[in-house]
Each structure stands twice: as structure tokens, then as C-alpha cells.
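**Student:** Before we start, here is the structure in question, set down as C-alpha cells.
What follows is calculated from the coordinates using simple rules that are stated; it is not laboratory data. On a predicted model such as this, the values are computed, not experimentally measured, just so you know.
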Amino acid sequence: MSHAICAPACALFDLPDVHVRAVERGPRSFTVVVETFPTLVGCPSCGVLATGHGRREVVLHDLPCAGVPVRVVWRKRIFRCREDACEVVTFSEVHELAAPRA
Ligand SMILES: [Zn+2]
């Protein structure tokens, strides 16, 4: 991946732990695929360290950027709780990315 593509796109979000994986240019718009840097995540219920359980692509807002519509696709991480006694089986990543500041 070219840093030259990534840098301006990452600056779009101004979030240090969000990384742009792909930028696809359509006829009248851009699609930006982002994901967060991997971190250790605990289960929200029991706090046991969770294991990765794949990803789900979530389309976030269409952000107009310099007059061009930009669709943001977040490759959200899915986690599985390793604690058998816990009622949480899987849970998905939470990030401020999904609720951009006004
Ligand atoms: Zn749990």
C-alpha cells in the first residue's frame, strides 16, 4: 500500500488508530475502506480477553469531501468471548469512528 494514498485519507478521519486499507474511485464518488489497528480487547461483560472472530463490513456515512461523495466502509472486527460461563458469545468492535463528531 502506498503511503501517498493512505496519508490524506487517514487525515480525513483525524483518528490515530484508524487505518485506510483501500480507496476505490468510482465514476462520481470514492469508497474508502478503513479498519482499526489490532488491539487486545476484553469481553464487555466478563472482561476475559477475546479472540478474533472475523469481520463484518459496515457502511458508515457518506462524507462529502471537497464536493465529492465519499462512502466509508468500516471492516469492523468481531470478537468471541473465551469464557464458557459468560453469556456473551460474540460481540463487535466499538469505535468513535461509527459516530463521527459533528
Ligand atoms: Zn465474556
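**Student:** For V34, which sequence-distant residues (separation of 5 or more, or a different chain) have an amide H within less than 5 Å of its own amide H, given hydrogens modelled in the peptide plane?
**Tutor:** Residues meeting the amide H criterion: R21, V73, W74, R75.
**Student:** While we're looking at this one, here's another question. Report the gain in length on full extension from E57 to L40: 0.36 nm times residue separation, minus Cα-Cα distance, nm rounded to one decimal.
**Tutor:** Length difference between fully extended and current span is 4.1 nm.
**Student:** Which shape class, rounded, prolate or oblate, goes with the range 13-102 when its Cα gyration tensor gives a ≥ b ≥ c as root eigenvalues, a/c under 1.5 marks rounded, and past that a/b bigger than b/c marks prolate?
**Tutor:** prolate
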